[in-house]
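The values are calculated or read from the model by the stated rules, or taken from the named source; none is laboratory data. A quick note: this is a predicted structure, and the numbers were derived from the prediction, not measured. Cβ coordinates were reconstructed from backbone atoms using ideal geometry, including for glycine residues, and neighbour counts include every protein chain displayed.
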Amino acid sequence: MRINKTLHWLWLSVLIVGLDQITKVVATHYLYMHAPVQLIPGLNFTLMHNTGAAFSILSQAGGWQRWFFIVLAGTVSMAIIIWLANLSVKNRWMASALTLILGGAIGNLWDRIMLGFVVDFIDVYYRDWHWPAFNIADSAITIGAIMLIIDAVWSNEDKAPNGKSGG
């Protein structure tokens, strides 16, 4: 069986999952729930448990959302692996974007399966306004998604519908 060489990018997903889980263990060990520790003005470490999705969406849904997000993250992860396996070896940008998203999805999936919630601890704020707390996995997903948007905007701009360069 031939394995596509773009799958070698999975090392990035493994790195993201490892960093994510290590930082969550450290945060859980050294921080107290909802007690901010200021690193610099505008950046705290604040331990929080998120039973919902991004921005705590569905966090008060009563428990069913855990299983919904587990199935969703598992399905998306499998789709990303299939997408990655079918990429051209030359498409390094897309491969790195997908593996960042995959690593983040698996990092948060692990939390949901093992803990029933996602550990968040990075708290960015300005005065009294706080961005929702997040973690390394969330950061990787965000960076990967931004890379996908950049790829969609710039790669389609350079190609005519027949796949040849426009001009």
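Would it be correct to say that residue 87 is surrounded by 14 or more Cβ atoms within 10 Å (Cβ to Cβ), at pLDDT below 95 and farther than 25 Å from residue 43 by Cβ?
yes
Collect the residues in region 15-53 that are in a helix (DSSP H, G or I) and either β-branched (Val, Ile, Thr) or loosely packed, with under 12 Cβ neighbours inside 10 Å (or both), keeping them in residue-number order. 16, 17, 22, 23, 25, 26, 28, 29, 30 - these are the residues of region 15-53 that are in a helix (DSSP H, G or I) and either β-branched (Val, Ile, Thr) or loosely packed, with under 12 Cβ neighbours inside 10 Å (or both). Scanning region 117-143 for residues that are under 18 Å from residue 97 (Cβ atoms) and either polar (S, T, N, Q) or buried (at least 20 other Cβ atoms within 10 Å of the Cβ) (or both) turns up 136, 137, 138, 139, 140, 141, 142. Selection of region 71-86 for residues being among the β-branched types (Val, Ile, Thr) and either closer than 14 Å to residue 13 by Cα or under 14 Å from the mean Cα position of the chain (by Cα) (or both) yields 76, 80, 81. Taken over region 1-10, the criterion of being in a helix (DSSP H, G or I) and either under 16 Å from residue 108 (Cβ atoms) or without any contact (Cβ under 8 Å) to a residue 12 or more places away in the chain (or both) is satisfied by 8 alone.
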